[in-house]
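This report refers to the structure that appears directly beneath it.
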Amino acid sequence: MSLKRVLGATTALTLCSAAAAFAQDTTITIATVNNGDMIRMQGYTDQFTEETGIGVEWVTLEENVLRQRVTTDITTKGGQFDIMTIGMYETPIWGANGWLVPLDDLSEEYDVDDILPAMRDGLSHDGTLYAAPFYGESSMIMYRTDLMEKAGMEMPDAPTWEFIREAAAAMDDDANDINGICLRGKAGWGEGGALITAMSNSFGARWFDEDWTPQFDQPEWKETLSFFTDMMNESGPAGYATNGFNENLSLFQQGKCGMWIDATVAASFVTNPEESAVADQVGFALAPNKEGVEKRGNWLWAWALGIPAGTQKADAAKQFIEWATSKDYIELVAENEGWANVPPGARTSLYETPEYQEVPFAEMTLNSIEAADPTNPTVDPVPYVGVQFVAIPEFAGIGTQVSQEFSAVYAGQQSVDEALEKAQAITQEEMEAAGY
Amino acid sequence: MARAVSTRRKTIATAAAWGIGLLIFFPILWTILTSFKTEAQAIADPPIFLGFDWTLENYRVVQERSDYMRFLWNSVILAGGSTILGVIIAVPAAWSMAFVPSKRTKDILLWMLSTKMLPAVGVLYPIYLICIRFGLLDSRAALVAILMLINLPIIVWMLYTYFREIPGEILEAARMDGAGLKEEILYVLTPMAVPGIASTLLLNFILAWNEAFWTLNLTAANAAPLTAFIASYSSPEGLFYAKLSAASTMAIAPILILGWFSQKQLVRGLTFGAVK
């Protein structure tokens, strides 16, 4: 091959790669979790790139790793990511610290007012939105209609804890390997900690009073924890102290739970005949409350997309967020995969769509989300925001330690009183050290 | 005279060795089997061992969703680079400690090992900040250096143990024949210690391949190896065990094959000097 030809080929190659680089000159990097809706979104990003010329690199991580990873990056201004998938816990704290780009100039077509008010409040600080919800969830009761009928009971739309305990005992059937109720007991503020905190609201308990004094020494907490432990010991699965979302999902899908109170997003899994053995026997109801207490035991959470303050590609990132959390994206998914598979819980207009109203869990999901109030989560006033968490930086540590103490109760390693005493001491110490 | 070993004892020993071997291998076997099941079969209770309809669907999905070759290539570079760099640094260090010991040699060896006792997360922020400062976040260069440093104490220790087995007189003879330090290490010591060096290389390659703290925390899109590839299939909300198993099988396959073909070398190296 002559030198001329080699040079010619090299030049052509260089030009080709330069042209390719120009076409995709901006590439944004997005950190996310491996949840079904997120994975689905990754499948559609080619369309975004086609429309805008902006390339997208995905970094998918396990939830705890993601949290550690994005926290490290944002606190050190590492600049590794242009968009981060974060939740309702991080968003207001990071927004207050100036670590996130405010989303206060989204386009008119985006229609920011269409975002469900509960989601918008939970993802804002001082009235400014810092992350756009990709999908939102609350918690609700999923129950087996056939087992309920067999037990001779009828699930009200808004049951009490007393009813749930009675129904769980009636549905419990050891001979057929059916547990009356399956609930999270796994340690971790986002696992068992989330359930027991949301439940405590419906018993009138709270984490702190208005002076930031921990409240684990109050009777409401003792009542919550005792009720939970007694009910689970009577009608729950063996080893529930280590069960989290996935373990309970697995039990429910195999027909081994009469009831399961957990994230509304689970509804699409348990009603999917390809995955669930009980898909056509599932009913839904609002999370319970204690008789006489107005608040219900349902939480509020959103997986949202936020832009770290140090990024050089804020405009491209904002373009992506507008695309991924838009009404058009929901329609795109509905068109290709059906309405049951669109990201739920983020937009009001979704729940006004007639086709979506026909999805069996749509109405109960919306009711559950609307029943949760992050700024006023329990009966008495609190100084914090958050239903199943307290939106202060110290909570991740305290919440995990306290839930470990509770899990030790579920595992039979200590009494309710011992756990609450330790929880009070741990929280008191951490809060004092943090200067509250 | 060799001790006579009865057939009965031999049979028991063989059976026990197979039993323990299978027990250790079972989780890997289960992962491989699960990767060929559907998601529903993966969580079935009682678990299905072999009687299921084998499917390649999970592998198809994983292939479609992730650029496996990019992760694999990064793993090869990180594990290979850090191991080779580590051996280059450790050979002279182990040589000096084995053949020219001082009264502090033992302390130095222990001190080196003590660096392994610090939990990695304790230095996450300093290292992260250094990487930002030098523009090395999400770069293979930074990870090669870090993985090399993590494994260096083990490499030095292993080589030190092997070198100690080589009689110093041989090196003396080489010196008398006019060999300089370079020739002594390259042409006399290294060839004699090949089994030891090979097993050190292999073991550290495996350790670096499996390292999952720094490789997850310091990478994003460019330098992420197979550990990040597996982590991307773990889900907090949803049961994707079959896909996770397929991803895990794809991630461990290269190292499993490497281990299989080099087991003779590995065992020879690990037991080197054990029998006198």
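The values are calculated or read from the model by the stated rules, or taken from the named source; none is laboratory data. No experiment lies behind these values; they were computed from the predicted model shown. So basically every Cβ, Gly included, is an ideal-geometry build from the backbone, and we count neighbours across all protein chains shown.
Just a few scattered comments:
- Those residues of the stretch A:112-150 which are of a type in the set (A, V, I, L, M, F, W, C), touching a residue at least 40 places away in the same chain (Cβ under 8 Å) and surrounded by fewer than 23 Cβ atoms within 10 Å (Cβ to Cβ), in sequence order: A:LEU116, A:PHE134, A:MET148
- Test: residue in the stretch B:107-120 that is away from chain A (no Cβ under 14 Å), more than 24 Å from B:VAL194 (Cα to Cα) and buried (at least 18 other Cβ atoms within 10 Å of the Cβ): no
- Restricting attention to the stretch A:374-391, the residues being touching a Leu at 6+ places or on another chain (Cβ under 9 Å) and modelled with pLDDT of 90 or more number 4.
- Conditions (1) in contact (Cβ under 8 Å) with a residue 40 or more places away in the chain; (2) of a type in the set (Phe, Trp, Tyr); (3) surrounded by fewer than 24 Cβ atoms within 10 Å (Cβ to Cβ): number failed by A:TRP301: (3)
- Scanning the stretch B:36-92 for residues that are among the hydrophobic types (A, V, I, L, M, F, W, C), over 18 Å from B:ILE252 (Cα atoms) and away from every other protein chain (no Cβ under 13 Å) gives B:PHE49, B:LEU50, B:PHE52, B:TRP54, B:ILE84, B:LEU85, B:VAL87, B:ILE88, B:ILE89, B:ALA90, B:VAL91.
Per-residue answers, yes or no, for (1) assigned to a loop (DSSP other than H, G, I, E, B); (2) acidic (Asp, Glu); (3) in contact with a Ser or Thr (Cβ under 9 Å, 6 or more places away or on another chain):
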position: B:GLY86; (1), (2), (3): no, no, yes
position: B:LYS103; (1), (2), (3): yes, no, no
position: B:LYS106; (1), (2), (3): no, no, no
position: B:LEU109; (1), (2), (3): no, no, no
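- Set side by side, the residues B:MET148, B:MET97, B:MET158 differ, and just one is in contact with a Phe, Trp or Tyr (Cβ under 9 Å, 6 or more places away or on another chain) and not charged (D, E, K, R), which is B:MET97.
- Within the stretch A:55-71, the set of residues being in a strand (DSSP E or B) and either of a type in the set (Val, Ile, Thr) or facing chain B (nearest Cβ under 7 Å) (or both) comprises A:VAL56, A:GLU57, A:VAL59, A:THR60, A:LEU61.
- Extreme residue, nearest to A:LEU195 (Cα to Cα), among residues of the stretch A:254-285 that are more than 19 Å from the chain's Cα centre (by Cα) and buried (at least 24 other Cβ atoms within 10 Å of the Cβ): A:MET259
- Within the stretch B:63-79, considering residues that are of a type in the set (S, T, N, Q) and at pLDDT 95 or above, the one nearest to the chain's Cα centre (by Cα): B:SER75
- Taking the conditions (1) exposed (fewer than 10 other Cβ atoms within 10 Å of the Cβ); (2) farther than 24 Å from B:ALA246 by Cα; (3) of a type outside the set (A, V, I, L, M) in turn, B:PRO46 satisfies each one other than (2).
- Scan of the stretch A:26-38 for residues that are part of a helix (DSSP H, G or I) and facing chain B (nearest Cβ under 7 Å), ordered by number: A:GLY36
- Of all residues in the stretch A:345-372, those that are more than 22 Å from A:VAL270 (Cα to Cα) have Cβ atoms under 7 Å from Cβ atoms of residues that are in a helix (DSSP H, G or I), 6 or more apart or on another chain, in A:ARG347/A:ASP114; A:ARG347/A:LYS327; A:ARG347/A:ILE330; A:THR348/A:ASP114; A:SER349/A:ASP114; A:SER349/A:LYS327; A:GLU370/A:ALA118; A:ALA372/A:ALA118.
- Spans of helices (runs of 4 or more DSSP H) in the stretch A:91-184 with at least 1 residues in the same structural domain as A:VAL342 (by TED's automatic domain parsing): A:117-122
- Any chance B:ALA179 is of a type in the set (A, V, I, L, M) and farther than 25 Å from B:VAL76 by Cα: yes
- Among the residues listed as A:GLU331, A:GLU370, A:GLU322, the single one being modelled with pLDDT of 90 or more, closer than 27 Å to A:GLU63 by Cα, more than 14 Å from every other protein chain (Cβ to nearest Cβ) and surrounded by fewer than 16 Cβ atoms within 10 Å (Cβ to Cβ): A:GLU370
- Restricting the stretch A:72-107 to residues that are among the hydrophobic types (A, V, I, L, M, F, W, C) and within 30 Å of B:GLU64 (Cβ to Cβ), the residue that is nearest to the other protein chains (Cβ to nearest Cβ): A:PHE81
- Pair list, Cβ under 7 Å, 6 or more apart: the stretch A:69-90 residue outside the structural domain of A:PRO393 (by TED's automatic domain parsing) and farther than 21 Å from A:GLY190 by Cβ, other residue surrounded by 22 or more Cβ atoms within 10 Å (Cβ to Cβ) and among the polar types (S, T, N, Q): A:GLN80/A:THR29; A:ASP82/A:THR29
- Flag for A:GLU322 being in a helix (DSSP H, G or I), in contact (Cβ under 8 Å) with a residue 40 or more places away in the chain and among the charged types (D, E, K, R): yes
- Whether a residue is assigned by TED's automatic domain parsing to the domain that holds A:GLN401, over 23 Å from A:ALA411 (Cα atoms) and touching a residue at least 60 places away in the same chain (Cβ under 8 Å) was assessed, and A:SER202 passes this test.
- If you go through the stretch B:52-74 and pick out every residue that is free of Cβ contacts under 8 Å to residues at least 60 places away in the same chain, part of a loop (DSSP other than H, G, I, E, B) and within 16 Å of A:GLU57 (Cα to Cα), you end up with 1.
- Residue check for A:GLY204: in a loop (DSSP other than H, G, I, E, B), over 26 Å from A:TYR384 (Cα atoms) and not aliphatic (A, V, I, L, M): no
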